[in-house]
Structure formats: structure tokens, C-alpha cells
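One structure is given below, encoded as C-alpha cells.
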Amino acid sequence: MKYKFLPIVLAFWCLASVTHAQETKNPLTGTVSDSLTGDVLPFVLIKWMQGDKVKGYAYTDEAGRFHFPNVATGNQRFEISFSGYQELDFDLRIRSGGRSYDIQLPQDPFQISPVEVTGVRPADFQKLTGTATRLSLRKVEMLAPIGTQEALEFVPGVTGVADDGIGNSRINIGIRGLNPRRSSRTLVLEDGIPIQPALYVYSNMYYNPPIERIQEVEVTKGSSAIRYGPHTMGGVVNYITNRPRKDLGGRLSLVYGSNNYFSTLAEIGGFGTDKIRPELQLLYKTGDGFRDNNGFDQLNGTLKFLIVPNENRKIYLNFNANYENSAATYTGLTEYSFATNPRFNPKEFDNFEVKRYAVNIIQQNKISDKLEENTKLYLNFFERDWWREFDVFASEADYADGNFTALAPNETNTVGDLIRVGNGQTNFGILREFGVAGAEHQYRLQHALGDAQGALNIGGRFHFERFQDNAGTGDQPDARSGTFYRANNYETYAFSVFAMDEIRFKNLILTPGVRFEIFEQELVNRLNNSALDDATTFAVLPGLGLNYQFEKVNLFGGVHRGMTPPSNGTLLTLDFGMTDSTDFSELELRSETSWNVELGARTNLKYLAGEVALFYLTIQDMIAAGRGTAFTNLGSVTSAGLESAITVKTSAVNEWLPDFFVTYTFLQTQINEGTLQFSALNPNVQPDVSGNELPYAPKHNLILGLNWAYKDKLELLFTYRYVARSFSDFENIGFVLNRGDTGPIPSYYLFNGTATFRLNSRFRCFVAGKNLLDRVYIGSRLHSNPRQPFASSSSGILPGARRQINVGINYGF
């Protein structure tokens with residue numbers, strides 16, 4: 001209630017500012033292009049300077065055009081800083097009535113930091129040898145997402161499913177049909193550095209950086225992914241953050257919305273010297289969530305330094321601390337609760353608390369005109385305590401008076417008003433700590449092979465992680481300590497090397513490469529006399545990509561080997577043979593491996609731009625894993641389909657016309673051979689799941705969008721998103737039971753809209769509407785397994801995000 005009138009005030013402020021905007025007197029317009037190739041450069045930041053102060057900003061649009069509405073007459077100084085190009089500092093003589101300029105930027109490969117995966121120049125993107133999507137800062141601003149998962153769902157081939165909460169910190173994405181639970185089969189990087197709690201032993205994404213401090217998002221699914229690893233079977237997600245600015249300045253962002261959502265980011269930098277550039281970011285987010293008892297608070301702080309000892313060397317330091325406290329729960333809905341009250345959540349005391357501290361160091365050194373070295377050092381500590389009250393089943397009529405009787409699992413089948421509630425007596429805590437350290441060193445050598453030019457990348461990485469997994473029970477619903485029933489320590493020592501060459505002929509680019517992974521995993525069971533078990537895995541992951549350029553179209557394709565190690569995230573506990581009297585007895589699980597093949601085309605014309613690709617994955621030894629599932633390696637699994645992202649730029653015909661875009665993924669998955677240890681419905685049956693589809697792999701995923709802009713002042717975006725029906729289990733159970741943990745995920749569609757007002761070069765405000773029709777839909781049954789009938793063992797329905805209206809302002813100085 002404390003921010004009750006803030007959205008009204010912000011909305012009127014935005015409209016009033018637009019209404020009273022002054023008429024331009026000396027407009028400055030023009031284009032920015034690559035001096036070598038002539039390609040126009042979109043989303044380039046141009047600063048109008050007055051001494052050391054920034055007088056105004058402008059961004060180039062998709063066509064490389066920029067516009068300052070009113071610049072003072074006389075000589076004025078401007079600066080351009082764009083990754084991959086030389087910094088430009090120049091004067092323009094502004095005349096009364098305005099003028100148009102064409103500005104050409106010289107390339108500077110040294111400025112492309114090692115954090116980039118796809119490269120930043122249009123020519124770089126066109127010549128990639130695999131599928132890739134880059135969400136620029138301008139596109140992220142246009143989408144105005146609450147979190148990164150919302151943005152990633154605009155990427156072809158990516159499937160996102162709902163989890164509990166509004167904070168979007170525990171993202172759940174799968175790429176090309178792979179299981180999206182906790183994003184455990186997708187490699188996630190920040191500035192090229194892995195951020196998962198423990199990359200090999202526990203890759204589940206219980207931490208995700210807030211979208212407010214992310215500048216761009218890259219998703220790579222092609223053969224170039226072998227430079228990174230493991231978990232590159234589907235693809236690689238890379239978040240890019242901004243580098244400390246050169247001149248004094250910063251920004252302030254405020255967002256408020258329904259469900260008491262509030263986010264504020266303050267950033268200041270440029271107060272150092274030419275040699276040392278510091279920058280500070282502070283973020284606070286809060287909200288009530290889409291269900292009862294579902295609020296969260298998050299604090300995130302970042303201190304950065306860009307150190308430039310000389311023109312050939314750069315050092316980037318990043319210190320980050322993150323704290324989150326949320327009322328997250330695994331208590332999903334029954335079919336009755338979902339139908340009658342999808343916001344129902346009776347758990348007042350469930351609590352998820354996260355603390356993360358990280359230090360990243362990236363050094364870039366230009367040894368010669370042809371040789372460059374990059375070094376990355378990273379260290380982070382992550383603590384995650386999750387306390388949840390034990391669930392029981394009850395009838396709503398019995399629960400209403402506060403004095404209810406818990407129902408045994410065999411008593412629930414005929415209860416029409418069945419609900420899942422806390423037992424009011426005890427709880428349990430899953431308490432986990434992670435420590436991760438790593439060092440990576442790479443070289444990039446420009447060379448010649450006859451008439452061909454090459455760029456050889458070679459590198460190696462040492463990675464260490466320690467994971468302490470403790471679990472205990474408390475004697476009351478709000479207990480924060482208890483008696484341990486699990487206490488395991490895990491450690492992983494991993495070493496990997498890779499080599500990839502980019503060989504450029506006249507119209508053909510080839511990228512052969514190989515990656516070697518060797519890692520040892522150790523388990524110490526502290527409740528079993530500190531028994532030690534270990535296992536060592538070695539993998540060879542080759543890849544080959546190509547790109548052939550016709551006049552206006554680039555054809556690309558590739559094949560590469562993918563690998564996902566068996567880990568705590570897929571096994572509940574690592575299986576080293578010490579699993580007597582458990583569901584994992586005598587299992588010998590192997591790493592998942594795959595062959596990934598793709599073929600596609602991309603173009604970027606005046607009126608049309610897009611990328612279309614066919615892909616085919618053959619996966620061996622896929623682990624049939626899910627919450628409470630009896631794990632086993634399946635045989636062969638295939639995932640095939642089509643990805644497309646196409647934009648029709650009718651604004652190039654007339655500036656009053658909108659642009660249209662479509663993102664579509666067709667997905668066909670199949671388990672070619674496989675038998676589960678237990679059926680989800682009958683523990684005495686070992687079902688043959690051959691011919692079934694993979695869970696959470698919808699056949700159709702479609703986004704239709706319309707984007708209209710007027711002179712960089714007003715921008716409107718409307719999107720329609722459709723997600724087809726999918727199964728929630730390997731048995732492809734097609735019917736529902738009243739507990740909510742059985743059955744498919746029905747198809748659904750959503751309408752979203754965003755209006756952005758750029759009042760001038762400093763101020764931007766927006767109104768964003770998510771799920772405008774407030775549709776009620778099943779987001780997932782993500783933590784469910786009907787084989788476990790007890791209320792706490794299978795979560796039930798997790799509803800999708802409801803309507804969310806946000807109003808925000810952004811001020812740069």
C-alpha cells in the first residue's frame with residue numbers, strides 16, 4: 001500500500017512530459033556505419049558532451065539512424081563508444097535549422113571483449129556458423145521484462161515453464177526439447193563466466209542475475225558452443241553486463257506495478273581516471289507474487305572496475321553480492337484449487353533465503369597485431385536455505401473451520417474438494433552451500449592458410465566446486481533448525497581444453513574444433529562414517545561449422561557433440577555404487593551425450609531480416625529424471641524441428657508503418673527406446689516408454705509481434721504468444737487426477753503490450769502489460785511425480801503468471 005499512487009503519478013508525469021515537449025529547433029540526424037564493410041550499426045550510443053558532462057544521448061535505430069531533437073548551434077563535441085570499434089571523439093559544427101551527418105566507425109577487434117559469444121558487428125552475426133540470437137539493450141528495454149526468463153522466451157528453440165514466485169530468480173528453460181526444470185541442462189554464463197551453483201555436480205539454476213543489470217542476452221545453439229562446457233547439448237545462454245563508463249554519469253530506474261511489484265536501480269560511474277574506471281550499481285526489488293503468501297525481497301550490489309594500464313591491456317573486475325528472501329514454496333495446487341482459487345497458498349512460513357558473493361576478473365592482453373590472450377578468474381560462494389512446512393491433503397469443507405483432519409493418500413481419490421495444505425506441526429529444511437573457483441586462459445591467433453585467413457582460438461580451464469547438501473526436519477512450521485537426516489559433501493575437480501579455428505575463404509567460413517573434458521566427482525556421506533566414493537569422467541567433444549555467403553543470404557550449418565554429466569541435479573544423490581536399499585540400487589548412470597546437426601539461412605535486407613534453421617539431436621543415455629523419479633538411462637532419444645525468427649520492416653517503406661515479427665519453433669521429440677524402473681501410477685510395473693515424447697517439449701511455440709515507433713519518441717509493442725500442449729512426464733499420461741500432479745500441460749496463449757516514451761535523450765518512461773487478458777493457465781507440474789502420493793512429495797499444479805501492469809521511468813545523467 002505504501003506505493004499505491006505511484007503508478008498513477010508516473011503515468012501522468014510521462015504523458016505530461018510528452019504533451020509539453022518543446023518544438024525542436026536544431027535537430028541533428030544521421031547514420032552510423034562500419035567504415036570497412038559499410039554495414040549500418042544499430043543501437044550505437046552517441047553522447048553529446050559539454051566539457052566532462054553529458055549533455056544528451058541518442059541511440060541509432062535498426063537502420064543505423066540517430067536523432068537529437070535540439071542541439072545548440074556552434075561547435076559541439078560528441079563521443080561514440082561501441083564494442084568492436086574504436087572509440088570516436090569528434091566535433092560537429094551545428095547550424096540553425098539542423099543538419100544530417102554520416103559517421104563511419106573504424107573496426108577494432110581488440111575492443112571485442114572475451115565476454116562476447118556472437119560478436120557485435122552485423123557482419124560478425126551474418127557469418128556465424130550456427131544459430132544464434134542476440135537480444136540487444138534496446139530490445140530488452142522494449143520488452144520491459146520482469147526477469148531474464150521472460151526475455152529468453154522470445155528466442156527460437158527456448159521453452160520456459162512457470163515456477164513459484166514473481167522474482168524470476170529460479171529460471172526454468174529448456175532448449176530444443178531438453179527438460180527445463182531448473183535450467184539444469186543449459187549452460188548459463190555471465191560475461192562468459194559460468195554462474196550455476198556448481199557447474200558439474202549441481203547445475204540447477206537457483207541463482208539468476210536480475211534483468212535490471214543485464215545489458216544484452218546471447219543464446220548460441222550451434223557448433224561454436226564447444227568452446228564452452230559442459231551442458232552444451234541444447235545451447236549456451238550468456239548475459240552481458242555493461243563496462244564502466246569513461247565520463248561521469250549514471251542512471252536511476254524506478255518501476256512499480258500490480259501485485260505491489262517495485263524495482264529500483266541506481267548506477268554511477270566515470271568518477272575515476274583514464275587508467276581506472278569504477279562503477280557502482282545497487283538494486284532493490286520486491287513484490288507480493290501471483291499467489292497468497294508469495295512475496296519476495298531482493299538486494300543486489302555490484303562494484304566494477306575497468307583498469308587500462310596501456311592501450312594493449314585491459315582488466316575488468318566485478319564484485320557482486322546478492323541477497324534474496326522469498327516466501328517460495330513447493331506447495332502446488334490440486335485440480336479443485338486451480339479451478340476455484342488459483343491464487344491459493346496457505347503456507348505462511350515457507351521461506352527461501354539466498355546469499356551469493358562473487359568475484360570475477362577478466363584480463364585482455366594484445367600481445368601483437370595478430371596475437372591476443374584472455375584470462376578469466378572467478379570465485380563465488382552461494383548459500384541456499386529452503387524451509388518448507390510438510391504438506392497434507394484435506395477437504396476444503398473440513399479445512400474451512402481451521403480444525404481439519406489430514407487425509408491419507410488412499411483416501412483422496414474420491415474427494416471432490418481436495419486441497420493441499422500445511423500440516424501445522426512440522427517442517428523440513430534443504431540447506432545447501434556451494435563454493436566455486438576457476439581459472440581459464442585463452443589465446444586468439446590471426447593467421448593465413450594460403451589464400452585463406454584464419455583465427456585460431458585455443459584455451460584451457462581448471463574448475464573446482466564444493467557442495468554441502470544438508471537436510472533436516474523441524475518441530476514446528478516456522479522452525480529454522482532441526483535434526484539432520486542427510487549430510488553429504490561433494491567435490492568436483494575438472495579440467496578442459498579446447499581448440500577452434502575460424503578459416504575464412506572468399507565466401508566460405510569453416511570452424512573445426514574440439515573440446516576435451518575430464519572431471520572427478522567425490523562424495524563424502526557424513527552420516528555414514530564419512531564414507532568416500534568417487535568417479536572420473538572423460539569426454540571428447542568435436543564440432544564443425546560452416547557458413548557460405550551468397551549475395552544477400554548466408555547459409556550455415558554444423559555438427560557437434562554435446563554432453564551433460566550425471567550430477568546431483570539429475571540424481572538427487574550421486575550414484576557411486578553406494579545405493580543399497582534405495583531406488584538407485586546397483587545403478588551405473590552414464591553421462592548424456594548427443595550429436596547435434598543443424599542447417600539454416602539468415603539474411604538482413606532493407607525490408608526483411610531473419611534466420612531459419614532445421615535441427616536434429618540424437619541423444620544417447622538420456623537420464624529419465626524428475627522429482628522423485630527412479631532414475632535410469634534411456635536408450636536413444638531424438639529431438640528435431642524448425643526454428644525461425646523473421647522481421648518484416650515495413651517502416652523502411654514509410655516511417656508511419658509498423659514492423660512485424662514472428663518467432664516460431666516446431667519441435668518433434670521421441671524416445672526411441674527406453675524402460676523406466678517404475679511406473680508413475682503403478683510401482684509394480686516397469687513401463688516401456690519407447691515412442692513417447694519428452695516432457696515439457698511442446699510441438700508449437702509461436703510469438704507474433706507488432707512494433708511501431710515514431711521518431712525515437714514513442715514506441716509501441718504488442719505480442720501474442722501461443723504454447724502448444726505438452727506432457728509433464730516420460731509416460732505421457734494424458735488424464736488428470738484430483739491431486740494435480742498427473743496429466744499434461746494444456747495449451748495456452750497470452751497477450752502482452754508495452755508503450756515506451758523517450759521524452760528526451762535522458763528520460764525514458766514505459767507502461768508494460770503482461771498477460772493483459774489475465775488468463776488462468778497451468779504453468780507447469782514441474783516438481784510432481786504421481787508415483788509419490790504423499791502431499792509433500794509431489795507438488796501439483798504451479799499456475800502461470802497472472803496479469804501484471806508495470807509503470808517505470810529511467811533517468812540517465
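Key figures for this structure:
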{"read-out": "Stretch gain in nm, segment Ser368-Leu508, where the contour uses 0.36 nm per residue and the Cα spacing is subtracted", "value": "47.8 nm"}
{"read-out": "The chain - percent of accessible surface contributed by carbon and sulfur, probe 1.4 Å", "value": "56"}
{"read-out": "For q = 0.15, 0.18, 0.25 Å⁻¹, Debye-computed log10 I/I(0) when each Cα of the range 237-294 counts as one equal scatterer", "value": "-0.61, -0.73, -0.96"}
{"read-out": "Inter-site label distance for Arg725 and Lys711 at 7 Å from Cα along Cβ, in nm", "value": "5.2"}
{"read-out": "DSSP bridge orientation in the chain - percent antiparallel, rounded to nearest 5", "value": "95"}
{"read-out": "Mean accessible surface per residue for the range 201-281, computed with a 1.4 Å probe while every protein chain stays in place, in Å²", "value": "24"}
{"read-out": "Approximate shape of the range 424-521 as ellipsoid semi-axes (Cα gyration tensor, √5λ), whole Å, largest first", "value": "51, 14, 9"}
{"read-out": "Compactness of the range 231-343 - radius of gyration and Dmax, Cα, Å", "value": "20.2, 66"}
{"read-out": "Along the chain, longest interval not containing exposed GluC sites (Glu not before Pro), exposed being DSSP loop plus at most 16 other Cβ atoms within 10 Å", "value": "88-310"}
{"read-out": "Cα gyration tensor of the range 21-72 - equivalent ellipsoid semi-axes, whole Å, descending", "value": "22, 14, 9"}
{"read-out": "Note, ³J(HN,Hα) from phi for the range 178-184, Karplus 6.51, -1.76, 1.60, rounded to Hz, x at Gly and Pro", "value": "6, 4, x, 4, 6, 6, 6"}
{"read-out": "Volume per residue of the C-alpha convex hull in the range 618-734, rounded to whole Å³", "value": "126"}
{"read-out": "Cα shape, the range 179-271, gyration tensor, a/c 1.5 rule", "value": "oblate"}
{"read-out": "Chymotrypsin sites (Phe, Trp or Tyr not before Pro) restricted to DSSP loop in the range 689-775 with at most 16 other C-beta within 10 Å", "value": "Phe735"}
{"read-out": "Under 15 Å from Lys55, Cα to Cα: aspartates and glutamates that are on another chain or at least 8 residues apart", "value": "Glu79, Asp89, Asp91, Asp247"}
{"read-out": "Cut-off 18 Å (backbone N to label point 7 Å along Cα→Cβ of Asn312), residues of the range 415-452", "value": "442-447"}
{"read-out": "1.4 Å probe accessible area per residue over the range 486-573, in Å²", "value": "44"}
{"read-out": "Rounded to 10°, Cα long-axis angle of helix 6-19 versus longest principal axis of the chain", "value": "20"}
{"read-out": "Pair Trp595, Thr73: separation of 7 Å Cα→Cβ label points (nm)", "value": "7.2"}
{"read-out": "If the convex hull is drawn through the Cα atoms of the chain, its volume per residue in Å³", "value": "153"}
{"read-out": "Label-zone membership for the range 784-800, site Asn413, 7 angstrom Cα→C-beta point, backbone N under 19 Å", "value": "785-791, 794"}
{"read-out": "Eligible lysines near Lys649 by straight Cα distance, threshold 19 Å, same-chain separation 8 or greater", "value": "Lys139, Lys552, Lys606, Lys711, Lys713"}
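The values are calculated or read from the model by the stated rules, or taken from the named source; none is laboratory data. Worth saying up front: this structure is predicted, and the values here are computed from it rather than measured. All Cβ positions, even for glycine, are placed from backbone atoms using ideal geometry, and neighbour counts span all protein chains on display. Note: areas computed on protein heavy atoms with side chains; ligands, DNA, RNA excluded. Shrake-Rupley method; radii C 1.70, N 1.55, O 1.52, S 1.80 Å.
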